[in-house]
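Values quoted throughout were computed directly from the atomic coordinates according to the rules given, and no laboratory measurement underlies them. What you see is a predicted model; the values in this text were computed from it and never measured. Every residue, glycine as well, gets a Cβ built from its backbone with ideal geometry; the counts of neighbours run over all protein chains shown.
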Amino acid sequence: MNPKKQQIIDAALKLFVNKGFSKTSIQDIINEANIAKGTFYNYFVSKNECLMAILEFVEEKGDQRRQELEYGKKKTDEKVFIDQVAVRMNMNKEYNLLHLFETVTFSSDKDLIEFMKKQHTKEIKWIGNRIYELFQLEKQDYIVDHAVIFLGMLHHIMHFWKINSDRDIPIEQPIQFVLNRLKPMVYEQIESGELFFKKDWILLEIDASDSADIEEQFIDTLKKLKEKLSREKQDVSKELEYIEFILQEMKSAEPKEFVLESILLSLAQTLKDSNYEHDVRRIMHLAEVLKNN
């Protein structure tokens with residue numbers, strides 16, 4: 001990550017945790033980071049976008065650690081799963097994210113609420129898929145139920161421990177306990193066939209759409225990025241040229257996939273470490289879903 005952007009994120013995180021998200025102003029962040037006002041707006045258009053960048057940064061760091069833990073290991077290795085779950089919980093503690101979540105719970109910003117909802121859904125999806133792999137289940141029908149039950153038990157055990165004990169407990173211990181309790185429940189549920197949450201509860205909006213709708217979202221998101229760049233950023237001729245090329249290619253009867261992929265990668269590289277990274281990630285994800293549909 002760009003060092004200046006990291007400097008802003010570190011300052012914002014410190015303030016959000018200590019003062020609360022709602023009580024922290026952009027000027028507070030500027031003062032804490034010891035930067036010029038214009039520098040902040042080079043990377044973020046709002047305080048909310050800065051918060052989303054913090055959460056994305058922590059999520060990406062956690063995903064990387066989880067991938068490192070499973071490299072060369074079997075999907076059925078319980079210790080790997082336990083360590084992977086512990087990664088997210090330890091990072092929440094390291095970055096004081098639980099306190100931060102409490103300060104933004106009552107936010108009225110729709111984009112922020114939707115962003116946090118998607119992050120939570122992704123974690124449910126990851127847990128459910130890993131339980132499916134861990135127990136070598138035949139069908140994925142129950143992955144949402146299993147993930148919700150697992151996290152529900154784990155969070156309440158940790159909460160009850162915290163309010164009744166001054167002693168820290170290794171996070172791996174309650175994770176192992178909950179996993180042991182979950183094992184018979186998983187097989188009993190599959191045998192009974194009882195289902196509470198269907199697996200489509202964790203499909204992201206764009207995953208649940210048909211091809212025509214995904215293409216429409218892809219084009220619409222590109223157009224919105226084009227408008228934002230034209231309005232907010234100087235010297236964007238190269239970026240606009242890439243976007244316009246993609247839009248024109250999408251009008252073809254059969255858009256060339258390899259051409260689109262190449263131009264999208266160039267666009268992503270051009271906007272790397274900018275405050276448009278979130279838009280580009282969504283565009284790339286839509287393109288991937290469109291390709292596989």
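Derived scalar couplings between HN and Hα for segment 72-77 equal x, 10, 6, 5, 8, 6 Hz in order, rounded to whole Hz, by the Karplus curve 6.51 cos²θ - 1.76 cosθ + 1.60 (θ = phi - 60°), x for Gly and Pro.
The local environment of Gln269, defined by Cβ-Cβ distances under 15 Å, has a net charge of -3 under the rule Lys, Arg +1 and Asp, Glu -1.
Between Ser25, Ser108, Ser165, the Gaussian network model of the chain with springs among Cα atoms under 10 angstrom shows the greatest mean-square fluctuation at Ser165. Put the Cα centre of segment 216-289 next to the Cα centre of segment 4-44 and the gap is 28 Å.
Of all the options Arg181, Arg88, Arg167, the one that moves most in a Gaussian network model of the chain with Cα springs shorter than 10 angstrom is Arg167. Residues in segment 128-140 carry Karplus couplings, in order, of x, 5, 5, 5, 4, 6, 4, 8, 6, 6, 7, 10, 9 Hz; the curve used is 6.51 cos²θ - 1.76 cosθ + 1.60 with θ = phi - 60°, and Gly or Pro positions show x.
To the nearest 500 deg cm²/dmol, what mean residue ellipticity at 222 nm is calculated for the chain from DSSP H runs of n ≥ 4 alone, each contributing -39,500 (n - 2.57), summed and divided by the residues?
It lands at -24500 deg cm²/dmol.
Here the Karplus relation 6.51 cos²θ - 1.76 cosθ + 1.60, evaluated at θ = phi - 60°, turns the backbone of segment 279-287 into coupling constants of 4, 5, 4, 5, 4, 5, 5, 4, 4 Hz, with x for every Gly and Pro. Under a model in which nothing but the beta-carbon of Lys, Arg (+1) and Asp, Glu (-1) is charged, segment 48-202 shows a dipole of about 240 debye around its Cα centre. Relative contact order of segment 76-148, taken over Cα pairs closer than 8 Å and 6 or more residues apart, is 35 percent. Normalising the average separation of contacting C-alpha pairs (under 8 angstrom, six or more residues apart) by the number of residues puts the relative contact order of the chain at 17 percent. Rounding to the nearest 10 and keeping the result within 0 to 90°, find how far the Cα-based axis of helix 143-164 lies from the longest principal axis of the chain. With rounding to tens, the tilt is 70 degrees. This structure gives Rg and Dmax of the Cα atoms in Å, computed directly, and of (1) 22.6, 92; (2) 21.5, 66; (3) 20.4, 67 that value is listed as (2).
For segment 129-287, the dipole from Cβ point charges (+1 on Lys and Arg, -1 on Asp and Glu) about the Cα centre works out to 520 debye, to the nearest 20.
Think of segment 146-293 as a dipole: +1 on every Lys or Arg Cβ, -1 on every Asp or Glu Cβ, centred on the Cα centre; then among Tyr276, Ser237, Ser252, Tyr276 lies furthest on the positive end. For the residues Ile175, Ile190, Ile214, a GNM of the chain with alpha-carbon springs under 10 Å puts the largest fluctuation on Ile190. In this simple spin-label model, placing a label point 7 Å from the Cα along the Cα-to-Cβ direction at both Gln269 and Asn42 gives a separation of 2.2 nm. Computed about the Cα centre, the dipole magnitude for the chain is approximately 880 debye when only Lys and Arg (+1) and Asp and Glu (-1) carry charge, each at its Cβ.
Once Lys and Arg get +1 and Asp and Glu get -1 on their Cβ, which of Tyr95, Trp161, Pro174 lies farthest toward the positive end of the dipole of segment 56-175? So the residue we want is Pro174.
In this rough spin-label picture, where each label sits 7 Å from Cα along the Cβ direction, the Leu195-Glu244 distance is 4.9 nm.
Normalising the average separation of contacting C-alpha pairs (under 8 angstrom, six or more residues apart) by the number of residues puts the relative contact order of segment 211-292 at 41 percent.
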